[in-house]
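Q: My structure is below; once you've seen it, I'll send some questions.
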Amino acid sequence: MSQRPTITIPDAGMLATPRTRRDILKLLAVGGTLVLLPAALAACADDNGVTQPQTRQPNTGSPLIIDFAKGDIAVLQFAYALEQLEADFYTKVVNAFGSSNLTADDKSVLQDIKYHEVIHREFLKAALGSANDFTVTPTYPGVNFNDRRSVLTAAKTFEDLGVAAYNGAGQYIKSTDFLTLAGKIVSVEARHAAVISDLLSPKTSAFAPTAFDDVFRPSKVASAAQGFIVDKVSLNNAPGTFVQGPNNNG
Amino acid sequence: MIIEQRPILESIDPEILDTLAAREHEIAQGASVSSSTAALLALGSIPIALGALSREAYGQAPSDVLDVLQFALLLEYLEAEFYQRGVATAGLIDAADRSIFTTISAHETIHVNALRSLITAKGSTPNAKPNFDFTAKGNLAGFNFAVGQYETFKALAMAFEDTGVRAYKGQAPRLINDAAALSAALSIHSVEARHAAEIRRLRGKKGWISGSSREDLPAFTQGIYNGEDNQSQGGVMLSTLPGYGANGGATAATEAFDEPLTKAEVTAIITPFLA
């Protein structure tokens, strides 16, 4: 390890990471620095029997290359990577139901979404055939799977990103059938995004904050997703041109 | 909206560009199989490519794009007037729900204006707003946005939003050669899905469509939900996927995919609402 790791924890909110006492001791054992400010102390939880895997850092693993020279196949691979991430996230959320402070309604919603995302992943895996041979390793820095607000905030991030990703990939799809398939999935992601947003901010405009959803180019999506992926994601031959959506922010 | 002027896919493998050029020629010739489909098939065991054979080359002429935009405009006129009238009626909408409907109303009006601008920018004239009959030719006899009719108002909102999602989805392939129109349509399509989910939840339903269920909507709306029970996606039967039974079975599998409707199917759904 060439650099000394540092964890700064100014308040209890930062403890929304699955960083248990054991992890902190590990950090100190390798000569890292823990800066624990007073407001954080009360919330430093014990290990409570729930598996809390050590958080791996994003962008530190093996290369994960999606080559857009493959055309539509690359777009599907890109979708497959994102669906792997989402499916893994909701599986962890559901597995932590027993120790989380989610409401019964939250759990009902999140259980359904977990089903949907696993189906999206398995569908794309099957549809890609021999082109499905890669596995994304997710990581969730800053996410506390026992905490309602942390889980829902992360879920909102994933769903909004998924919507913007599919909307932005549409212009690179050359087959009308693939375009329809992407459309079949993206509107379900948008339904998820609305419901999650409404759980966080009920009966406000949060469920649909703008009249047009974001349309993000693949490289922008990859940069955002990289924060939750250990593998080093790169897009080879990424399309050089991009037609903006109405929000002009992709 | 900023449209970058360089040709799409410029930076991609020259072979792909050649394929695209060849495909343009084929479309002009009315060919039913493009060389990009052939290229997909050549890649090997990709079941999803099989479905691409018959449909790839339909509908991409500029007149087709205008037809899509005018059709979308009709749907947005319907929604915009519906919500405008609802929001304008004091006491119809529960006070606690008012932000939801003012938000949706604003969006639909913006969609109307955006589509009108797109049509105008293409050198055509937006169709005028028709008159609407929100009783659906008497199917909802007496509905006139009166105080006390909130349940009917919400039911209609769910019907319109779920229709809108399927309508845009069905039209997207006709925009495949017009990236600006496609991006705009996709960005509206997913917002309609957000609206649909919110209203469904407000009505105590799931945010997503299970099977082909219209939930508690009246029978005349069934066309909005027919076909939503499809489990064959891109040549893959979802029931054959690993863990299917333990992962929500048919209910989850049908919820996970929203289905398109054709223009004819959508027209049949909205015709009762045209005065």
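Q: So which of A:Lys114/B:Lys263; A:Lys184/B:Lys129; A:Lys156/A:Lys203; A:Lys92/A:Lys125; A:Lys174/B:Lys206 end up more than 26 Å apart, counting from Cα to Cα?
A: Pairs exceeding 26 Å: A:Lys114/B:Lys263; A:Lys184/B:Lys129; A:Lys174/B:Lys206.
Q: Decide, for the stretch A:139-220, between rounded, prolate and oblate: order the square roots of the alpha carbon gyration tensor eigenvalues as a ≥ b ≥ c, take rounded if a/c falls under 1.5, and otherwise choose prolate if a/b is larger than b/c, else oblate.
A: prolate
Q: Further question: Using the basic label-point model (7 angstrom from Cα toward the beta carbon), what is the B:Asp229 to B:Glu151 distance in nanometres?
A: Going from the B:Asp229 label point to the B:Glu151 one covers 2.6 nm.
Q: Estimate the FRET efficiency between A:Arg149 and A:Thr204 by the formula 1/(1 + (r/R0)^6), using the beta-carbon distance for r and 22 Å for R0, to the nearest 0.05.
A: In this case the efficiency is close to 0.90.
Q: Now for a separate question. Which order results if A:Asp177, B:Asp133, A:Asp105 are arranged by neighbouring Cβ count within 10 Å, fewest first?
A: Taking fewest neighbouring Cβ atoms as first place, the list is A:Asp105, B:Asp133, A:Asp177.
Q: Same structure again: Between A:Lys232 and B:Gln84, how high is the FRET efficiency from 1/(1 + (r/R0)^6) when r is the Cβ-Cβ distance and R₀ = 60 Å? Nearest 0.05.
A: My answer for the efficiency is 0.75.
Q: B:Phe132 versus B:Ser63, label points 7 Å from Cα toward the beta carbon: distance in nm?
A: 3.0
Q: Now for a separate question. Using modelled amide H (1.01 Å from N, peptide plane; none on Pro or chain starts), what sits under 5 Å from the amide H of A:Ile65, excluding residues fewer than 5 places away?
A: Here the answer is A:Ser234, since their amide H atoms fall under 5 Å of that of A:Ile65.
Q: Using a Förster distance of 60 angstrom, determine the FRET efficiency expected from the C-beta separation of B:Ser117 and A:Asn59, and round it to 0.05.
A: So, using R0 = 60 Å, E works out to roughly 0.90.
Q: Taking the simple approach of a point 7 Å from Cα along Cα-to-Cβ for both B:Thr262 and A:Ala104, what is their distance in nm?
A: Label at B:Thr262, label at A:Ala104, 4.5 nm between them.
Q: Continuing with the same structure: Ranked by Cβ crowding within 10 angstrom, fewest neighbours first, how are B:Phe143, B:Phe82 ordered?
A: B:Phe143, B:Phe82
Q: Continuing with this model, one more query. For a test of the definition: using alpha carbon positions, the gyration tensor, and the 1.5 limit on a/c, classify the stretch A:50-165 as rounded, prolate or oblate.
A: Because a/c hits 1.5 or more and a/b exceeds b/c, the stretch A:50-165 counts as prolate.
Q: A further question on this structure: At a 10 Å Cβ-Cβ cut-off, how would you order B:Asp258, A:Asp160, fewest neighbours first?
A: Ascending number of Cβ neighbours within 10 Å: A:Asp160, B:Asp258.
Throughout, read-outs are computed from the coordinates displayed, never taken from laboratory work. Here the structure is a predicted model, which means the values were calculated and not measured. Neighbour counts run over all protein chains shown; Cβ positions are idealised from the backbone, glycine included.
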